[in-house]
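For reference, the structure discussed in these notes is given below.
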Amino acid sequence: GDSVVDKGYKQWETFGGEISFDNSSMNPKVGARMIGHDNDTEYLTPFFFLKAFFPLTYLKEHIIAGTNRELSEYGKKEMTPGEFWRWKGLWVLMTSQPAYEYREFFSMRERTKYWNPSFVGDIMSRNRFEEINQHLILRSDEAPTDYRDKFWWIHKLIDEWNKNMEVKFSPSWIVCVDESMVVFL
């Protein structure tokens, strides 16, 4: 349904035909919902959800700032937020076509019935794509001198992601990832 429920959330049953919810026999106030979006399924793609759920303050203060510092040290052009999303979008596209290596998406080689990766060279050059890959920083602050946790670099991102999800998404009383045999309450 597309009715407005508590706290300004909208409740959906499907997202663009790609992500669906079974809200049968459930109270509409406990179904999965996301704040601030209507039921227009045209733009509700996996990339839409990545961008909607990604903590934008973290992106600006850590990923963009850290990557730009790294790029500048090597004499490379700084990355803009829009360029980050193009780079990330290219990775989403490329991973949806796993038969090809990332370099093949930039190839000018003629596409055929049997070799047909999407051409992405008009979105970003391969050189720039590789520069961002090489210099991407997930956290701009320095690690503690005595740290031993190999996941230190991503803990803050995970914490910020979870805080952002609490504000933007209400999952329902039960969650089961597609093709999973386990449900989570």
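Grab the eigenvalues of the alpha-carbon gyration tensor for the stretch 99-185, scale each by 5, take roots, and send me the semi-axes largest first in whole angstrom.
35, 25, 13
Over 11 Å apart: what share of the alpha carbon pairs of the stretch 101-142 falls there, rounded to a whole percent?
For the stretch 101-142, the fraction of Cα-Cα distances above 11 Å is 69 percent.
What are the ³J(HN,Hα) values, in whole Hz, obtained from phi via the Karplus relation 6.51 cos²θ - 1.76 cosθ + 1.60 with θ = phi - 60°, for each residue of the stretch 51-62 in sequence order, with x given for Gly and Pro?
5, 5, 8, 5, x, 5, 5, 4, 4, 5, 7, 10
Roughly how many nanometres apart are two label points built 7 Å out from the Cα toward the Cβ at residue 77 and residue 176?
Between residue 77 and residue 176, the label points sit 4.9 nm apart.
Starting from the Cα-Cα distance between residue 108 and residue 96, subtract it from 0.36 nm times their residue separation and give me the gain in nm to one decimal.
Fully extending the segment from residue 108 to residue 96 adds 2.3 nm.
Does the stretch 58-108 come out rounded, prolate or oblate by the C-alpha gyration tensor, with a ≥ b ≥ c the root eigenvalues, rounded set by a/c under 1.5 and, if not, prolate when a/b is larger than b/c and oblate if not? Show your work: numbers first, answer last.
On the way: a/c = 3.05, a/b = 1.83, b/c = 1.67.
Since a/c reaches 1.5 and a/b is larger than b/c, the shape of the stretch 58-108 is classed as prolate.
A 18 angstrom limit on the alpha carbon distance is what I want to check against. Which of 51/76; 77/156; 51/163; 60/156 exceed it? Don't jump to the answer; show the numbers that get you there.
Numbers: 51/76 26 Å; 77/156 26 Å; 51/163 15 Å; 60/156 14 Å.
Beyond 18 Å: 51/76; 77/156.
Once amide H atoms are placed 1.01 Å from N in the peptide plane, what residues at a sequence separation of 5 or more from residue 137, or on another chain, have their amide H within under 5 Å of its amide H?
Counting only residues 5 or more places away or on other chains, the set is 67.
Since every read-out is calculated from the coordinates, none of them should be taken as a lab result. Quick caveat: nothing in here was measured; it's all calculated off a predicted structure. Reconstructed Cβ throughout: ideal geometry from the backbone, glycine too, with neighbour counts over all protein chains shown.
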